[in-house]
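Undergrad: Submitted below is the structure of interest, expressed as structure tokens.
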Amino acid sequence: KMNIQTIDVTQPATEVVQKVVKANSSIILIPPKLKGKELNIETPDQDQKMVGLFSSGTTGISKCIWNSFRNLLDNGLKTFSAFKLSRKEHLLMMAAPWHVAGLSWAIMAEELGIQYDFLTTTKGDHEKWYDKIREVKPDVLLTVPGVLSRIIGKDWFVRKLVFGGYAPGQDDLKEFAKHSEVMIQGYGQTEAGGLIARHIMKSSG
């Protein structure tokens, strides 16, 4: 069994990701909302590098789900292909680095040497999200509908908008479309640690 290292997720997201990538041991990322709580974490019975991420807890108690680092990287590389991303594009990720989607996106960008910025989204920081898009001017924004619904109607535009999570309603989609050329909706499952489906929409449609 490998040693397990807990990484402080309150650091800037890119630092969290780089520590996950460079670590020689298994890693656990505890969401801020679970800090200080009694957690029932089973040690993975593996001799490869494992990453412990927590389920959202919407169906009960948050559980630590172990994925191999290799699987998270593979998931990120499949995402790269499914979302038709390019190594030349500048990516902006607005998510949580301790969640499987945000983490696998960032691991993919690190592996492929793609220019990316990662803003950890915190409730109530809507102005920061909007300011970050304006500052970075990314080709692609990868985020969740909950973030987008807070910044629609503001003055920003990206060529490609990628979002996962719950399915937004038609009214939200029409608003998202005003901020992009192409929208790509992804669906995954935290426990599966993978992308299950994706849907590409031209914003003009």
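The values are calculated or read from the model by the stated rules, or taken from the named source; none is laboratory data. Please read all numbers here as calculations on a predicted model, not as lab measurements. Positions of Cβ are backbone-derived with ideal geometry, glycine not excepted, and every protein chain shown enters the neighbour counts. Just the protein is used for accessible areas: all its heavy atoms, side chains included, with ligands, DNA and RNA removed. Shrake-Rupley method; radii C 1.70, N 1.55, O 1.52, S 1.80 Å.
Undergrad: Limited to segment 188-205, what total is found for residues that are surrounded by 11 or more Cβ atoms within 10 Å (Cβ to Cβ) and at pLDDT 80 or above?
TA: Here the count works out to 4.
Undergrad: State which residue is nearest to the chain's Cα centre (by Cα) when the search covers only segment 77-103 and only residues that are modelled with pLDDT of 90 or more and open to solvent by 50 Å² or more (accessible area, probe 1.4 Å).
TA: Ranking the candidates gives Leu77 first.
Undergrad: Which pairs have Cβ atoms under 6 Å, sit 6 or more apart or on different chains, and link a residue in segment 42-65 that is without any contact (Cβ under 8 Å) to a residue 60 or more places away in the chain to one that is among the hydroxyl-bearing types (Ser, Thr, Tyr) and not in a loop (DSSP other than H, G, I, E, B)?
TA: Gln48/Ser68; Lys49/Ser26; Met50/Ser26; Met50/Ser68
Undergrad: Could you count how many residues in segment 14-43 are touching a Gly at 6+ places or on another chain (Cβ under 8 Å), in a loop (DSSP other than H, G, I, E, B) and either surrounded by fewer than 11 Cβ atoms within 10 Å (Cβ to Cβ) or among the β-branched types (Val, Ile, Thr) (or both)?
TA: 1
Undergrad: Pairs needed: first member in segment 89-107, more than 22 Å from Ala23 (Cα to Cα); second member anywhere, open to solvent by 10 Å² or more (accessible area, probe 1.4 Å) and among the hydroxyl-bearing types (Ser, Thr, Tyr); C-beta distance under 6 Å; at least 6 residues apart or different chains.
TA: Leu91/Tyr116; Met94/Thr121
Undergrad: Inspect all residues belonging to segment 104-113 and state whether any of them is open to solvent by less than 60 Å² (accessible area, probe 1.4 Å), within 19 Å of Asn71 (Cα to Cα), of a type in the set (Val, Ile, Thr) and not in a loop (DSSP other than H, G, I, E, B).
TA: Among the residues of segment 104-113, at least one is open to solvent by less than 60 Å² (accessible area, probe 1.4 Å), within 19 Å of Asn71 (Cα to Cα), of a type in the set (Val, Ile, Thr) and not in a loop (DSSP other than H, G, I, E, B), which makes the answer yes.
Undergrad: Still on this structure: Which of the residues spanning segment 4-31 are closer than 18 Å to Ala96 by Cβ and without any contact (Cβ under 8 Å) to a residue 60 or more places away in the chain?
TA: The answer is Thr6, Ile7, Asp8, Thr10, Gln11, Glu15, Lys19, Ile27, Ile28.
Undergrad: Does segment 48-58 contain at least one residue that is in contact with a Gly (Cβ under 8 Å, 6 or more places away or on another chain) and in a loop (DSSP other than H, G, I, E, B)?
TA: No, segment 48-58 contains no residue that is in contact with a Gly (Cβ under 8 Å, 6 or more places away or on another chain) and in a loop (DSSP other than H, G, I, E, B).
Undergrad: Residues in segment 139-159 that are in contact (Cβ under 8 Å) with a residue 24 or more places away in the chain, more than 16 Å from the chain's Cα centre (by Cα) and either open to solvent by less than 40 Å² (accessible area, probe 1.4 Å) or at positive phi (or both): how many?
TA: Qualifying residue count for the region: 3.
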